[in-house]
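Derivation of every value follows stated rules applied to the coordinates shown; laboratory data play no part. A quick note: this is a predicted structure, and the numbers were derived from the prediction, not measured. A quick note on method: Cβ atoms are made from the backbone with ideal geometry, for glycine too, and the neighbour counts reach across all protein chains shown.
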Amino acid sequence: MPAFTGFRALALLLALGIPPALLAAEGGIVAAPPSTPTYIVVGFVGGFVRHTNPHHGPVILAKRIQREAAKETHVQVFENRHRKSAYRTILGLLDANHDGKLSPEEKAAAHIILFGQSWGASAAVLLARELDRADIPVMLTVQVDSVAKFWQNDRIIPDNVAAAVNFYQPHGLVHGTREIRADDDSRTHILGNYRFDYKQSPVRCEGYSWFDRVITPGHMQSECDPRLWSEVESLMRQRMALEDGRMVAQSGN
């Protein structure tokens, strides 16, 4: 039986177009979960940062959530250029019966949180749009000093997202999107656009390059600011607690 299960997991990866040899390198699926996770938390780092860099906010937050969240929570960080790998990972995690396709019930069971910083924040919004085209709901998107590439739009949140929040700082050559808005206000709640000012309240960052410190100091500080990332974490945990309560209420009906 174990060999057969492993074969089916491999077949699923191939059906989703994921080369097994590239999974670890891309930050993709590392191992097929025994069952569908209750929550899927996917983060994206900014710029050209590696998804394993221990100094960067998304990586630090993901490790903390993974350590303290329930075991049914899947947490993973990707480089922003590996958005397609993140999408395929989510599909694989939602495919409870491992048949290579998602049923309406499997899609409806999704509890997904997407977050990122800089280009990674924009990647989170783009991934939400891709999930929207697949009729997969997203609980929450979190953007931290979001910077869109020239061909991207990180300001409009798709209507499959239940709630979204934006944290930004306004200074320097590179600074985040000041305001996000919902594509459909009746379906997406914008929790806020929150401004952080590092000229007034600077943050000390360790392990960053001279370029970051001299050319983009405000943007750098949004990545390492423990107060900002604590707010992101608190918000994520609040949304999960609300969803826990809703699921308990539904199970009692």
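Could you give the size of the charge dipole of segment 118-253 about its Cα centre, using +1 on the Cβ of each K and R and -1 on the Cβ of each D and E, expressed in debye and rounded to the nearest 20? It would help to have the intermediate numbers written out before the result.
On the way: 15 positive and 19 negative charges, 57 e Å.
The calculated dipole for segment 118-253 is roughly 280 debye.
Taking amide H atoms as placed 1.01 Å from N in the peptide plane, list the residues 5 or more away in sequence, or in a different chain, whose amide H sits under 5 Å from that of Phe78.
Close amide H contacts, sequence-distant or interchain: Gly43, Phe44, Val45.
Output the peptides 240-252, 127-139 sorted from most to least packed, where packing is the average of other Cβ atoms within 10 Å over each peptide's residues.
Details: 240-252: 11.3, 127-139: 18.6.
Peptide ranking by packing, descending: 127-139, 240-252.
For Arg187, project a label point 7 Å along Cα to C-beta. Then give me every residue of segment 155-179 with its amide nitrogen under 13 Å of that point.
157-163
For segment 32-136, take the convex hull of the Cα atoms, compute a quarter of its surface area, and give me that in nm², please. Provide the component values of the computation, followed by the final result.
Numbers: hull surface 24.7 nm².
The directionally averaged projection comes out at 6.2 nm².
Could you go through segment 66-72 in sequence order and give the Karplus-derived ³J(HN,Hα) for each residue, using 6.51 cos²θ - 1.76 cosθ + 1.60 with θ = phi - 60°, rounded to whole Hz, and x for Gly and Pro?
Whole-Hz 3J(HN,Hα) from phi for segment 66-72: 4, 6, 9, 7, 4, 5, 7.
Each residue of segment 56-65 in order: what ³J(HN,Hα) in whole Hz does its phi give by Karplus 6.51 cos²θ - 1.76 cosθ + 1.60, θ = phi - 60°, with x for Gly and Pro?
9, x, x, 6, 4, 5, 4, 5, 5, 5
Tell me, in nm to one decimal, what length is gained between Arg155 and Lys199 on full extension, where the rule is 0.36 nm per residue of separation less the Cα-Cα distance? Each step should come with its number before you reach the end.
On the way: separation 44, 0.36 × 44 = 15.84 nm, distance 2.47 nm.
Full extension from Arg155 to Lys199 adds 13.4 nm.
First measure r as the distance between the Cβ atoms of Ala108 and Ser35, then evaluate 1/(1 + (r/R0)^6) with R0 = 22 Å and state the FRET efficiency to the nearest 0.05. Walk me through the numbers on the way to the answer.
On the way: r = 16 Å, r/R0 = 0.74.
Computed FRET efficiency for Ala108 and Ser35: 0.85.
What lysines could a cross-link reach from Lys149, if we take a straight Cα to Cα line under 24 Å and drop same-chain neighbours fewer than 8 places away?
Lys149 reaches Lys84.
In a shell of Cβ-Cβ distance under 12 Å around Pro158, excluding Pro158 itself, what net charge do Lys and Arg (+1) and Asp and Glu (-1) give?
On the way: positive: Arg129, Arg133, Arg155, Arg181, Arg187; negative: Glu130, Asp132, Asp135, Asp154, Asp159, Asp183, Asp184.
Net charge around Pro158: -2.
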